[in-house]
1. Quick check: from the Cα gyration tensor, does region 171-286 come out rounded (a/c under 1.5), prolate or oblate?
2. In nm, to one decimal, how far is the residue 169 label point from the residue 269 one, both placed 7 Å along Cα→Cβ?
3. Once a ≥ b ≥ c are taken as the square roots of the eigenvalues of the Cα gyration tensor of region 117-219, is the result rounded (a/c under 1.5), prolate (a/b larger than b/c) or oblate (a/b not larger than b/c)?
4. Based on other C-beta atoms within 10 Å, arrange 110, 62 from fewest to most.
5. Which ordering of 265, 166 is given by a fewest-first count of other beta-carbon atoms within 10 Å?
6. Once every Cα of region 41-282 carries one equal point scatterer and solvent is ignored, give the base-10 log of I(q)/I(0) from the Debye formula at q = 0.12 Å⁻¹, two decimals.
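Laboratory data are not the source of any read-out in this text; all were calculated from the coordinates shown. Not measured: the values here are computed from a predicted model. Don't worry about glycine lacking a Cβ; one is built from the backbone with ideal geometry, like all the others, and counts go over all protein chains shown.
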């Protein structure tokens, strides 16, 4: 072999068992869907509002306090000549007080007791772990209360108009606006009281306190009997209560009557501001 000549390499024989080609999978892996978008705050609030309404309507004691008792009181006292107001303005005096009673029963008694037991059974704690924020939960509770109150107002006004022939005697343009403002302020005042009791007291104590205040406001709030019939010191204290202020404001709006006290609207506004502030400072979610 000549010097510098390349040595030929032996040919590599092919493998005896060639590797088979990998076939494509019979069932290809499905594409991963994109993550679902979180529902908006408005949709969550509406869903929670619907749940709050269903729970309220399923509780028999809540329906009794918020709907049945105000209508029964209106029919009972409106049919008997026991009020010192005369036959002409009996329902005109009674209806604003019963409307105030309906607001009190829904915003204070029903909301306060239900929220207290939700906190006791740690329902609020579980809701706190959901995507619904706390502000959304409070908004849902407020919307459910306003929806029930709208039903109460419609039923009570319908009973007063159909059964007793009542018609509002206030100014046609101003009266609905003033009545709506009074009802909204009353909702803030009594809702703040209910949430304050629910957040600061135990569930059993909230149950007793809410029902106790209900009776006190019914007797001393000028809802059924005029404040003029109370002793002067008691009447002076009663004019500072939110029930008397709300009933008086509704009478001024619906019947164009003179207010019982010159401090009716300031007292109502003060309760509508101070009660929710007290609830916000003392409320505990657990």
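1. Verdict is oblate for region 171-286.
2. 2.8 nm
3. Prolate, because a/c is 1.5 or more and a/b exceeds b/c.
4. 62, 110
5. Result, fewest neighbours first: 265, 166.
6. -0.66
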